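Single-structure report; data block below.
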Amino acid sequence: MNGVSLLKSICDETRFEILELLQRNKELCVNDFVEKLERDQPLVSHHLKTLKKCGIVKSRDEGKKAMYAITGKQLSELISNITKASKKIPVLCSDGSCC
């Protein structure tokens, strides 16, 4: 996956929130995402499927539940860096240097 494909995959707000939750929790099931994001289960499942298809998240079965996690340490670090950078953007733009 190239950089543009990766960014397109995570640019959706719900998918990015899923990745932020995984960054903090390491591993979650669909019901965890539904509860924490306050989104419908079919929507969450759709976004998890998209992230899995792109190779960003992986799943493993635990009884009747599928547990999801970010695929690797490098991707996890990248998500962390993007999250940190996104929090700085409003501050950077408020000084008038961006726009």
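Readers should treat all values here as calculations from the given coordinates under stated rules, not as data from a laboratory. For clarity, every value in this text was computed on a predicted model and none was experimentally measured. Please note: Cβ atoms are built from the backbone with ideal geometry, for glycine as well, and neighbour counts cover all protein chains shown.
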Legend entry - Distance between modelled label sites at Lys73 and Lys26, nm, 7 Å Cα→Cβ extension: 1.4 nm
Inset, instruction - Pull out a ≥ b ≥ c, the square roots of the eigenvalues of the alpha-carbon gyration tensor of the range 10-54, then state rounded if a/c is under 1.5, prolate if not and a/b is larger than b/c, and oblate in the remaining case. - result: rounded
Inset, instruction - Give me the angle, in degrees from 0 to 90, between the Cα long axis of helix 73-94 and the longest principal axis of the Cα atoms of the chain, rounded to the nearest 10. - result: 40 degrees
Legend entry - Rounded to 10°, Cα long-axis angle of helix 41-53 versus longest principal axis of the chain: 80 degrees
Inset, instruction - Could you give the C-alpha radius of gyration of the range 3-85 expressed as a fraction of 2.2 N^0.38 Å, taking N as the number of residues it contains? - result: 1.00
Legend entry - Ordering of 10-22, 61-73 by packing [mean C-beta count within 10 Å, highest first]: 10-22, 61-73
Legend entry - Links that overshoot a 23 Å alpha carbon limit, given the list Lys53/Lys87; Lys49/Lys87; Lys53/Lys73; Lys8/Lys88: Lys53/Lys87; Lys49/Lys87
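For a Förster distance of 30 Å, can you work out the FRET efficiency between the beta-carbons of Val34 and Val4, rounded to the nearest 0.05?
FRET efficiency, Val34 to Val4: 0.50.
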